[in-house]
1. Here are some conditions: (1) touching a helix residue (DSSP H, G or I) at 6+ places or on another chain (Cβ under 6 Å); (2) over 18 Å from ALA30 (Cα atoms); (3) open to solvent by less than 20 Å² (accessible area, probe 1.4 Å); (4) not hydrophobic (A, V, I, L, M, F, W, C). GLY241 meets all but one. Which one does it not meet?
2. Any residue at all in segment 38-50 that is touching a Ser or Thr at 6+ places or on another chain (Cβ under 6 Å), touching a residue at least 12 places away in the same chain (Cβ under 8 Å) and open to solvent by 90 Å² or more (accessible area, probe 1.4 Å)?
3. Being touching a Leu at 6+ places or on another chain (Cβ under 6 Å) and over 28 Å from TYR160 (Cβ atoms) is the filter here, so list the residues in segment 246-264 that pass it.
4. Search segment 76-106 for residues being among the β-branched types (Val, Ile, Thr) and part of a helix (DSSP H, G or I), and hand back the single one that is farthest from PHE205 (Cα to Cα).
5. Go through segment 97-118 residue by residue and tally those that are more than 23 Å from the chain's Cα centre (by Cα) and either of a type outside the set (D, E, K, R) or more than 20 Å from LEU182 (Cα to Cα) (or both).
6. Could you please find all residues in segment 192-210 being open to solvent by less than 80 Å² (accessible area, probe 1.4 Å) and under 26 Å from THR167 (Cβ atoms)?
7. Would you mind telling me which numbered condition in (1) open to solvent by less than 30 Å² (accessible area, probe 1.4 Å); (2) assigned to a helix (DSSP H, G or I); (3) farther than 30 Å from ILE234 by Cα ILE185 fails?
8. Might you let me know whether segment 61-73 holds any residue that is out of contact with any Leu (no Cβ under 8 Å at 6 or more places or on another chain), of a type in the set (Ser, Thr, Tyr), open to solvent by less than 30 Å² (accessible area, probe 1.4 Å) and assigned to a helix (DSSP H, G or I)?
Amino acid sequence: MTSSTINHAYTRWFLVPAALVFTIFFVLPAVLGLYLSLTNASTLSGRADFIGFANFELLLGDNGGDFLNSIGIQFIYALVLTAAKTVVGVGIALFLNRAFVGRHALRAIVYMPMMFSTIVVGVTFYFLLSQEGLFNESLRWLGLGFLTQDWFGSFDLALYTAAAVETWIGVGWTVVIVLAALQGIPEDVIEAATLDGANGLQMTFFIRIPLVAHAIALTSLLSFIAGMKAFEIIYATTAGGPGTSTQVMTMFIAKALGTTNLGYAAAAQFVQFALIAGLAVAIQLTITRIAKRRQAT
C-alpha cells in the first residue's frame, strides 16, 4: 500500500465521528419524521398505522390555505431577518474593524445577546414594547407621543417588530464572521489602495466589502435558514397573533402538535424541511455561480 493511499484512508476515518453525529442527530430524526407523516400516529392512541399520503392531502387540501399563508409569512420573516442582520451586522463589523479605545469591550457587548435565553429576551421585549411599556413611555416623555405604537399588537407591525428583536439577539453572529474576514484582508492591499488615493468610502465599498463577500454570503444564507425555522421569539412575543399575522410555519406546526395528531404535524414538519433544504441549495448554487463569474472576470 502506497503512502498516498494510506493518507487518503486516514482522511476518511477522520470523517467518521462527524458522520456518526450527523446521522444520529439529523438523518435519523428526519427519517423518523417522514415515517410518522405517513401514519396516523397520535399521542392518545399510541398506534401508528400506515395511511399513505393522507396527512399531506389534508395539509395541502382542506388546510392548504392556512398552511400556505403560514409559509408566506415565514418567508417574509426570513427575508426581513436576513436583510436586517446583514446590513446591521456588516455595518457594525466595519465599525469595529477600526482602531479605537474600547473596541474589544464593544465586540463582547455586541455578541452578548446571543448568550441570553431567547424566550427570556422575547418576554422582556414584549413588556418593553407594549402599549404602556417603557419604550412608548419614553417616546411620550420626549414629546414624540405620535410615534407610539402597539408594536406587538398591530397587524401591520407585529411581524417586523419580532424580526427586529431577533436581529438584536443574533446580529453578533454576523458581526463575528464578517469581522474575522475583514481582519484577514492583507495589509498590502489596504496600503496599495491608500497609496492610490482611495478615501474611506471607496476603501469600504470597492476594497473591503468585495474581499469579504464570501463571508457576507455565508452569514446571509445562515440568517435566511434561521428565519425559515424561527419560532422562539415569535412564540414569546406574539404567539402567532394578532389574528394570524405572525403565524409562521413553525407556529402552525406547534398548533398541529397540540391536536395530538403526530402524523399530521410530522407531515407539516417534513414540508418545512424540504422547503428549507431546497431554498438553501438554490441560494448556495446561485452564490457559487456568481462567485465563479466574478473570478472569471
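The values are calculated or read from the model by the stated rules, or taken from the named source; none is laboratory data. What you see is a predicted model; the values in this text were computed from it and never measured. Every residue, glycine as well, gets a Cβ built from its backbone with ideal geometry; the counts of neighbours run over all protein chains shown. The area values use the complete protein model at the heavy-atom level, side chains included, leaving out ligands, DNA and RNA. Shrake-Rupley method; radii C 1.70, N 1.55, O 1.52, S 1.80 Å.
1. (1)
2. Within segment 38-50, one or more residues are touching a Ser or Thr at 6+ places or on another chain (Cβ under 6 Å), touching a residue at least 12 places away in the same chain (Cβ under 8 Å) and open to solvent by 90 Å² or more (accessible area, probe 1.4 Å).
3. Within segment 246-264, the first condition is being touching a Leu at 6+ places or on another chain (Cβ under 6 Å), and the residues that meet it are 246, 260, 262-263.
Answer for segment 246-264, where residues must be touching a Leu at 6+ places or on another chain (Cβ under 6 Å) and over 28 Å from TYR160 (Cβ atoms): THR260, LEU262, GLY263.
4. Taking segment 76-106 and keeping what is among the β-branched types (Val, Ile, Thr), we get 76, 80, 82, 86-88, 90, 92, 101.
Restricting the remaining residues to those that are part of a helix (DSSP H, G or I) gives 76, 80, 82, 86-88, 90, 92.
On the way: ILE76: 28, VAL80: 23, THR82: 20, THR86: 15, VAL87: 13, VAL88: 15, VAL90: 12, ILE92: 15 Å.
Result: ILE76.
5. Step one: of segment 97-118, the residues more than 23 Å from the chain's Cα centre (by Cα) are 97-106.
Those left that are additionally either of a type outside the set (D, E, K, R) or more than 20 Å from LEU182 (Cα to Cα) (or both): 97, 99-102, 104-106.
Residues in segment 97-118 being more than 23 Å from the chain's Cα centre (by Cα) and either of a type outside the set (D, E, K, R) or more than 20 Å from LEU182 (Cα to Cα) (or both): 8 in total.
6. GLY200, THR204, ARG208, ILE209, PRO210 - these are the residues of segment 192-210 that are open to solvent by less than 80 Å² (accessible area, probe 1.4 Å) and under 26 Å from THR167 (Cβ atoms).
7. Against the list (1) open to solvent by less than 30 Å² (accessible area, probe 1.4 Å); (2) assigned to a helix (DSSP H, G or I); (3) farther than 30 Å from ILE234 by Cα, ILE185 comes up short only on (2).
8. Scanning segment 61-73, I find at least one residue that is out of contact with any Leu (no Cβ under 8 Å at 6 or more places or on another chain), of a type in the set (Ser, Thr, Tyr), open to solvent by less than 30 Å² (accessible area, probe 1.4 Å) and assigned to a helix (DSSP H, G or I), so the answer is yes.
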